[in-house]
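To start, the structure under review is shown below, and the notes come after it.
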Amino acid sequence: MLASLPLAAWNAPSQNVLNAVLGQEPQATILQCVQPLPPTREEARSSGIRYQLERAALKRALVYRTSQAKADRGRITAENNRATALLARHLGAPDSFVRYLELLADGNLSRRQEYAVEQALRLLLQETYTIDTLQIRLVSESLQLPAREHTLCMLQLPVGAMFDMVPGRHTPRERLLSDITAMSSTLVEVERVLSLVRDAASAEAAVSRLQALIPIWETTAQTRLQGTTQEAELSSYEKWAVEVLLTPATRRVLEQRRRLHQAGWFGSSRLQTVDELLR
């Protein structure tokens, strides 16, 4: 009967569904225990701008979930999952993410089913939407504030430009010089902002100024992760940019950071955390 259907009526199954049918893990276990399976990255990206909006919503929801877990001594409770699901739905996160959190919040899953949901979450966040959940947790742990202030501070971060998984391949050579100059100019501004910090009030005032630099800084994540030494030798222009621009700017920022460290960051945990995001 299927063979008699016109070709236009045939919808090819998702790649993750095919993987599950073929017995590949973790898709096979997820399909047996959880619905729906996460889409692949290509399938999600086919929605265009919606994909980017969903990524931003997921990051915001994950920041909230991670911050709440810190207040609960690192545990993600059913109440946390339930509240995050509500927030995620309001923000426009993918329905599958909301569904997974609701399943975890219900508390009626077997251990195998719970494992399947966790694997589905991992696939959705890391593979489909390429979000660095470990980085979110590390930032959360570094921020030493009372629970309410901690959550507000985390939610105020420019998450749209943060917490992206960095691809393993090298930075394209044609982008390397622009990344080096972008890093240098950003560090010059970081040094200027930090040099103005002399007391608690100026420390807090510096937070928003540094936050505004994060989107540009994050565009250079791949180069920063790999370092400026790549498989090919640096060109004369790239060497000049490193020696004349990047290295001196880095040195001056380090001097300011040492000064602020000795001053205990003037009691501003928020400033210390935002500065960590610009390293």
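The values are calculated or read from the model by the stated rules, or taken from the named source; none is laboratory data. Here the structure is a predicted model, which means the values were calculated and not measured. Don't worry about glycine lacking a Cβ; one is built from the backbone with ideal geometry, like all the others, and counts go over all protein chains shown. SASA here: full protein model, heavy atoms, side chains in, ligands and nucleic acids out. Shrake-Rupley method; radii C 1.70, N 1.55, O 1.52, S 1.80 Å.
The table that follows gives values for the structure above.
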quantity	calculated
With every protein chain in place, segment 156-213: carbon and sulfur % of accessible area (1.4 Å)	58
Sum of side-chain charges, Ser236 neighbourhood, beta-carbon under 14 Å (Lys, Arg +1; Asp, Glu -1)	-1
In sequence order, calculated HN-Hα J values of segment 54-71 (Karplus, 6.51, -1.76, 1.60; Hz; x Gly/Pro)	5, 4, 4, 5, 4, 4, 4, 5, 5, 4, 4, 4, 5, 5, 5, 5, 4, 5
Local net charge near Ser96, Cβ-Cβ under 13 Å (Lys/Arg +1, Asp/Glu -1)	-2
Residue-level accessible surface for Arg251, protein heavy atoms, 1.4 Å, Å²	130
Sequence of Lys59, Lys70, Lys239 from largest to smallest accessible area, 1.4 Å probe	Lys239, Lys70, Lys59
Leading residue at positive end of dipole, segment 212-271 (Cβ point charges), from Thr250, Ser269, Ser236	Ser269
Rel. contact order, % - alpha carbon contacts under 8 angstrom, at least six apart, segment 38-182	30
Accessible surface of Trp240 - all protein chains present, 1.4 Å probe, nearest 10 Å²	140
Residue-count net charge about Arg270 - beta-carbon cut-off 10 Å; Lys, Arg +1, Asp, Glu -1	-3
Given charges at beta-carbon only (K, R positive; D, E negative), |dipole| of segment 120-279 in Debye	320
Other-chain or far-sequence residues with amide H under 5 Å of Asp164's (modelled H)	Asp132
Integer Hz, Karplus 6.51/-1.76/1.60 couplings in order for segment 257-263, x for Gly and Pro	5, 5, 4, 5, 4, 5, 8
R0 of 51 Å, Cβ-Cβ distance Ile76-Ser202: FRET efficiency to nearest 0.05	0.90
Cα centroid separation - segment 61-133 against segment 139-163, whole Å	18
In sequence order, calculated HN-Hα J values of segment 86-92 (Karplus, 6.51, -1.76, 1.60; Hz; x Gly/Pro)	5, 5, 4, 4, 5, 7, x
Simple Cβ-charge dipole of segment 187-275, Lys/Arg +1 and Asp/Glu -1, about Cα centre, in debye nearest 20	360
In nm, spacing of pseudo-spin labels at Arg251 and Arg209 (7 Å Cα→C-beta vector)	2.4
